[in-house]
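Novice: Submitted below is the structure of interest, expressed as structure tokens.
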């Protein structure tokens with residue numbers, strides 16, 4: 001369902017709309033299409049912002065876990081290297 005509304009636009013904006021819409025589309029159809037795309041884009045941006053927030057939260061946790069693993073591996077690696085050095089000394 002469509003509702004009639006009235007807006008006031010400057011002459012240069014109307015000229016631009018007329019030029020872009022051409023003879024195939026009415027001003028109303030053109031403006032509606034532009035506004036629909038704008039609203040879709042805003043909705044998409046909101047979803048992406050929520051997703052990015054979730055990713056960042058997960059990234060902090062995963063980075064922390066990775067740091068723990070790397071520290072553990074470093075300690076294990078040092079112990080292994082020390083063990084190999086002792087074996088070389090005894091040989």
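Novice: Separation between the residue 52 and residue 26 pseudo-spin-labels, each 7 Å from Cα along Cα→Cβ, expressed in nm?
Specialist: 3.9 nm
Novice: Counting other C-beta atoms within 10 Å, which of 32, 3 has the fewest, and how do the rest follow? Before the final figure, lay out the partial values.
Specialist: Working: 32 13, 3 4.
Ordered from fewest to most neighbouring Cβ atoms within 10 Å, 32, 3 come out as 3, 32.
Novice: Could you give the length gained by full extension between residue 62 and residue 19, i.e. 0.36 nm per residue of separation minus their alpha carbon distance, to one decimal place? Each step should come with its number before you reach the end.
Specialist: On the way: separation 43, 0.36 × 43 = 15.48 nm, distance 5.24 nm.
Using 0.36 nm per residue and subtracting the Cα-Cα distance, I get 10.2 nm.
A short reminder: the numbers here are calculations on the coordinates, not readings from a lab. What you see is a predicted model; the values in this text were computed from it and never measured. Backbone-built Cβ (ideal geometry, glycine too); neighbour counts: all protein chains shown.
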